[in-house]
Amino acid sequence: MPECPTAVVVDDEPITRLDLRQMLEEMSFSVVGDAADGFDAIDLCRRHHPDVVLMDIRMPVFDGMTASETIISEDLAGCVVILTAFQDRDLIERANRIGVTGYLVKPVEERLLLPTLEVAMAQARRLREARLETAQMREKMEEQKLVGRAKAILAKKEEIPESEAYRRLQCLAMEKRRTLASIARAVVDQEGGRELVRQAKELLRRTAACSESRAYRTVADLAKAEGIPLEEAARLILARGGSPK
């Protein structure tokens with residue numbers, strides 16, 4: 001457990017909030033605020049980002065479960081421990097689904113408070129690390145797909161093997177001191193822009209019965225008049241069904 005962890009206490013009963021604050025402070029927690037409803041709880045968490053929130057579930061204004069879901073989804077606190085006077089299995093299952101990592105029945109027994117908080121904080125850290133690892137793996141997979149697309153585009157355009165295209169992407173990344181993924185993104189985006197222009201030219205040739213060079217000039221003139229990139233002008237023409245205006 002971190003040194004002097006911070007906490008927010010949320011309960012619509014003032015005496016309960018006072019009792020919990022005293023217990024937490026005796027356990028070397030720094031209580032950075034308390035609230036009587038979910039609205040104030042969220043505001044406190046946005047300001048202080050506490051290590052733990054002790055959250056009563058049934059409150060007359062903005063219930064604790066909804067507030068907990070907001071706090072967890074927006075990552076406003078290290079973890080949330082719910083407080084309830086009822087041992088409700090459905091409530092516990094819902095709390096688990098939204099990411100609550102601790103559960104205490106009121107009135108809270110002091111002997112159970114610290115172990116519950118320690119377990120909840122440790123579980124929250126594990127969940128956060130797992131989410132981070134999953135996000136990093138997903139990002140890596142997306143980057144690999146992006147590099148693969150860029151490699152294929154460059155190989156087709158230059159009529160070279162994909163192995164050579166990959167080597168060129170690597171060399172360009174080192175030369176420009178950028179990541180391989182960012183270079184690949186530039187190649188893919190550039191090709192996407194070319195494809196938009198090609199589609200716009202084809203549409204103009206069909207609808208205006210003009211030559212390819214005239215269709216290209218139409219796209220270029222629109223880009224110049226609007227002060228936008230060529231591909232954005234092409235997108236506008238496609239959206240307008242072939243009309244540059």
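The values are calculated or read from the model by the stated rules, or taken from the named source; none is laboratory data. Source: prediction; values computed, not measured. Positions of Cβ are backbone-derived with ideal geometry, glycine not excepted, and every protein chain shown enters the neighbour counts. These area figures cover heavy atoms from the full protein model, side chains too; ligands, DNA and RNA do not enter into them. Shrake-Rupley method; radii C 1.70, N 1.55, O 1.52, S 1.80 Å.
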Does ARG111 satisfy being open to solvent by 20 Å² or more (accessible area, probe 1.4 Å), over 17 Å from VAL53 (Cβ atoms), modelled with pLDDT of 90 or more and basic (Lys, Arg)? yes
For segment 1-20, enumerate the residues that are in a helix (DSSP H, G or I), buried (at least 18 other Cβ atoms within 10 Å of the Cβ) and without any contact (Cβ under 8 Å) to a residue 60 or more places away in the chain. ARG17
Does GLY148 meet the test of being without any contact (Cβ under 8 Å) to a residue 12 or more places away in the chain, open to solvent by less than 50 Å² (accessible area, probe 1.4 Å) and either part of a helix (DSSP H, G or I) or within 30 Å of GLY242 (Cα to Cα) (or both)? yes
Run ARG47 past the list (1) surrounded by fewer than 18 Cβ atoms within 10 Å (Cβ to Cβ); (2) within 17 Å of MET121 (Cα to Cα); (3) within 30 Å of the chain's Cα centre (by Cα) and report the number of the one that doesn't hold. (2)
Mind checking which pairs have a first residue in segment 166-192 that is farther than 27 Å from ARG235 by Cβ and a second that is of a type in the set (Lys, Arg) and assigned to a helix (DSSP H, G or I), Cβ under 8 Å, 6 or more apart or different chains? TYR166/LYS151
Does ARG58 satisfy the condition of being of a type in the set (D, E, K, R), more than 17 Å from PHE29 (Cβ to Cβ) and assigned to a loop (DSSP other than H, G, I, E, B)? yes
Pairs, first of a type in the set (Phe, Trp, Tyr) in segment 27-48, second in a loop (DSSP other than H, G, I, E, B) and open to solvent by less than 40 Å² (accessible area, probe 1.4 Å), C-beta under 9 Å, six or more apart: PHE29/PRO5
Output yes when any residue across segment 103-114 is in contact with a Ser or Thr (Cβ under 7 Å, 6 or more places away or on another chain), without any contact (Cβ under 8 Å) to a residue 24 or more places away in the chain and assigned to a strand (DSSP E or B), and no when none is. yes
Name the residues in segment 62-100 that are within 19 Å of ARG47 (Cα to Cα), among the small types (Gly, Ala, Ser) and assigned to a loop (DSSP other than H, G, I, E, B), would you? ALA77, GLY78
Can you give me the number of residues within segment 151-178 that are assigned to a loop (DSSP other than H, G, I, E, B) and touching a Lys or Arg at 6+ places or on another chain (Cβ under 9 Å)? 1
Exception for GLY64 within (1) in contact (Cβ under 8 Å) with a residue 12 or more places away in the chain; (2) open to solvent by 30 Å² or more (accessible area, probe 1.4 Å) falls at (2)
So is ALA120 at pLDDT 90 or above, closer than 30 Å to VAL81 by Cα and among the aliphatic types (A, V, I, L, M) or not? yes
Which residues, taken from segment 92-117, are over 17 Å from ASP56 (Cβ atoms) and within 27 Å of the chain's Cα centre (by Cα)? GLU93, ASN96, ARG97, GLY99
Mind listing whichever residues of segment 92-113 are within 19 Å of MET27 (Cα to Cα) and not aliphatic (A, V, I, L, M)? GLY102, TYR103, LYS106, PRO107, GLU109, GLU110, ARG111
Please go through segment 197-245 and pick out each residue that is open to solvent by 30 Å² or more (accessible area, probe 1.4 Å) and of a type in the set (A, V, I, L, M). ALA208, ALA209, ALA220, ALA225, ILE228, LEU230, LEU236, LEU238, ALA239
